[in-house]
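The values are calculated or read from the model by the stated rules, or taken from the named source; none is laboratory data. Source: prediction; values computed, not measured. No Cβ is skipped: glycine too gets one built from the backbone with ideal geometry, and neighbour counts run over all protein chains shown.
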Amino acid sequence: DGGITQSPKYLFRKEGQNVTLSCEQNLNHDAMYWYRQDPGQGLRLIYYSQIVNDFQKGDIAEGYSVSREKKESFPLTVTSAQKNPTAFYLCASLGAATSGYTFGSGTRLTVV
Amino acid sequence: SQKIEQNSEALNIQEGKTATLTCNYTNYSPAYLQWYRQDPGRGPVFLLLIRENEKEKRKERLKVTFDTTLKQSLFHITASQPADSATYLCALRTRMETGTASKLTFGTGTRLQVTL
């Protein structure tokens, strides 16, 4: 079945550590996105990529980094510079411009 | 500033009734408006898209209206069922500029609870 796979489902990070969240899609979509969701808030855009080897900052990119070396993969690194990383992270992809986004099942990151 | 507003209070309705959720926006010129369903601990699932030049779109028990004058969209679920209980998110995509990607801005969502 085509879709987006995010891993791990749960992730615990110690203070000062960098962690990388995985996002893989087999939908052959060009565009991919990372959103962050906090309780009571809407999804906020972190980074997005239209095409391989190209990506742009979203609304809350500080403390995060991404790469897009393959069409299928768009990993997100949460760096130690991100002051409040505890959140639910969602990866999405988009095929046709007039279609909806396809989301993964999310990664819940907790700082311990 | 740009804002998308959905009722933050949960909507509780009885099974079989029609649920109506509201999405209001300011300072946007959206090309598309979309509705998603999100269950606890899961990613949102796309339901419907409506274009700026469309007034209404239907899909099975779902109906979306889009009024660009009022800057409002209404999302209706007819003959609601307990399985419809979830959080519903609206999202706007503004007109694309040359060379920029399509990106959506989401509202905070409204939780719907359908009881027997």
Exercise. Within segment A:94-109, is even one residue modelled with pLDDT under 95, assigned to a strand (DSSP E or B), under 24 Å from B:GLY109 (Cα atoms) and not aromatic (Phe, Trp, Tyr)?
Worked result: yes
Exercise. If you scan segment B:53-73, which residues turn out to be among the basic types (Lys, Arg) and either in contact (Cβ under 8 Å) with a residue 12 or more places away in the chain or exposed (fewer than 14 other Cβ atoms within 10 Å of the Cβ) (or both)?
Worked result: B:LYS55, B:ARG58, B:LYS59, B:ARG61, B:LYS63, B:LYS71
Problem set entry | Single residue of segment B:1-46 satisfying the filter (without any contact (Cβ under 8 Å) to a residue 40 or more places away in the chain and among the small types (Gly, Ala, Ser)) that is surrounded by the most Cβ atoms within 10 Å (Cβ to Cβ) | B:GLY43
For this session: Look through segment A:83-107, keep the residues that are of a type in the set (A, V, I, L, M, F, W, C) and over 12 Å from the mean Cα position of the chain (by Cα), and return whichever of them is surrounded by the most Cβ atoms within 10 Å (Cβ to Cβ).
Result: A:LEU94
For this session: Kindly state which strands (runs of 3 or more DSSP E) lie completely within segment B:11-98 and contain at least 2 residues that are of a type in the set (Lys, Arg) and either more than 11 Å from the chain's Cα centre (by Cα) or within 11 Å of chain A (Cβ to nearest Cβ) (or both).
Result: B:56-59
Exercise. Residues of segment A:43-82 being within 14 Å of chain B (Cβ to nearest Cβ), surrounded by fewer than 21 Cβ atoms within 10 Å (Cβ to Cβ) and among the β-branched types (Val, Ile, Thr), which ones?
Worked result: A:ILE51, A:VAL52, A:ILE60
Problem set entry | Test: A:GLY40 is surrounded by fewer than 19 Cβ atoms within 10 Å (Cβ to Cβ), closer than 22 Å to B:TRP35 by Cα and more than 12 Å from the chain's Cα centre (by Cα) | yes
Exercise. Of everything in segment A:83-112 that's in contact with an Asp or Glu (Cβ under 8 Å, 6 or more places away or on another chain) and within 17 Å of B:PRO40 (Cβ to Cβ), which residue is farthest from the other protein chains (Cβ to nearest Cβ)?
Worked result: A:ALA87
